[in-house]
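Here is the structure we will look at.
The values are calculated or read from the model by the stated rules, or taken from the named source; none is laboratory data. Because the structure is predicted, anything quoted here is derived from the model rather than measured. Counting neighbours? That spans all protein chains shown, and the Cβs are built from the backbone with ideal geometry, glycine included.
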Amino acid sequence: MPRVARGLADGQFYHVLNRGNGRQQVFHNDMDYQSCLDLLDEAKGRYPVTLFAYCLMPNHFHLLVQAEKGEALSRYMQWFMTSHVRRYHRRYGSSGHVWQGRFKSFLVQGDAHLLAVARYIEGNPVRAGLAERSRDWRWSSHGESCGRQKRNLTAMLPISFVEDWGEYVDQPLTAKEQEKIQRSRDRQAPFGTSEWQRKISREMGLESTLKPLGRPRKAQEK
């Protein structure tokens, strides 16, 4: 799929992700994971970007962030990923690409859709079969969200959490919920209500992400 021009705007929320080059494993041990978290901690003091949720997986990561200034997200991610690659090569004596090109970022509507994305991110280890419960995976924001860890990497979302966040995250996503988030991820489309999607896509020049894939069908001759 052709690269979609990255839409950047002040104050917007983004679901950000990247994968290891060729889907290779990037995090091999606790030291790798912790080193990445240390970089996220340092990044928050460098750029006006707020982190609300994250999950580090063996060969990819997810972040939910808000950029005070649109261009700050690119600077934040460039510093974070460049710093990580340097540490990785220094530790393993390697060279070349670690990540699969530039990061991907998808706009998220600032309402209950933020909860849906945070839930999707923190529930990733369970869906991947890496943990029985989200709370068992040490390398996500779930411990902070539930008050069991004090890493102070994340901020509270500007909307009300569900009463039992841990139980909510561990409930399987419905097919419809998962399909909608994955469609946003795969199409690089804004994630929100249909009305908001159309509005923000017009403003950010992302209309192509909402169009059906493939060539339009030709009208049948009568």
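Of all the listed residues (TRP139, TRP196), the sole one being within 26 Å of VAL49 (Cα to Cα), out of contact with any helix residue (DSSP H, G or I) (no Cβ under 7 Å at 6 or more places or on another chain), among the hydrophobic types (A, V, I, L, M, F, W, C) and in contact (Cβ under 8 Å) with a residue 40 or more places away in the chain is TRP196. Remark: pairs (first residue in region 29-49, farther than 16 Å from GLN66 by Cα; second residue small (Gly, Ala, Ser); Cβ separation under 6 Å; 6+ apart in sequence or on different chains) = LEU39/SER83.
For the structure I just gave you, tell me whether HIS60 is without any contact (Cβ under 8 Å) to a residue 60 or more places away in the chain, touching a strand residue (DSSP E or B) at 6+ places or on another chain (Cβ under 8 Å) and either closer than 18 Å to TRP139 by Cα or buried (at least 19 other Cβ atoms within 10 Å of the Cβ) (or both).
Yes: the conditions hold for HIS60.
Only one entry in VAL85, VAL108 is at pLDDT 95 or above, within 16 Å of the chain's Cα centre (by Cα) and not hydroxyl-bearing (Ser, Thr, Tyr), namely VAL108. Here the condition is being over 28 Å from ASP136 (Cα atoms), at pLDDT below 90 and under 21 Å from the mean Cα position of the chain (by Cα); of ARG183, ARG187, it holds for ARG187 alone. Filtering region 16-43 to residues that are surrounded by 19 or more Cβ atoms within 10 Å (Cβ to Cβ) and part of a loop (DSSP other than H, G, I, E, B) leaves VAL26, PHE27. When TYR168 is tested against (1) outside any loop (DSSP other than H, G, I, E, B); (2) among the aromatic types (Phe, Trp, Tyr); (3) out of contact with any Lys or Arg (no Cβ under 8 Å at 6 or more places or on another chain); (4) over 26 Å from VAL26 (Cα atoms), exactly one condition is not met: (3). When the criteria are applied in full, GLY123 fails the requirement of being among the small types (Gly, Ala, Ser) and over 14 Å from the mean Cα position of the chain (by Cα). Scanning region 148-179 for residues that are surrounded by fewer than 16 Cβ atoms within 10 Å (Cβ to Cβ), more than 16 Å from PHE52 (Cβ to Cβ) and not small (Gly, Ala, Ser) yields ARG148, LYS150, GLU163, ASP164, GLU167, GLN171, PRO172, THR174, LYS176, GLU177, GLN178, GLU179.
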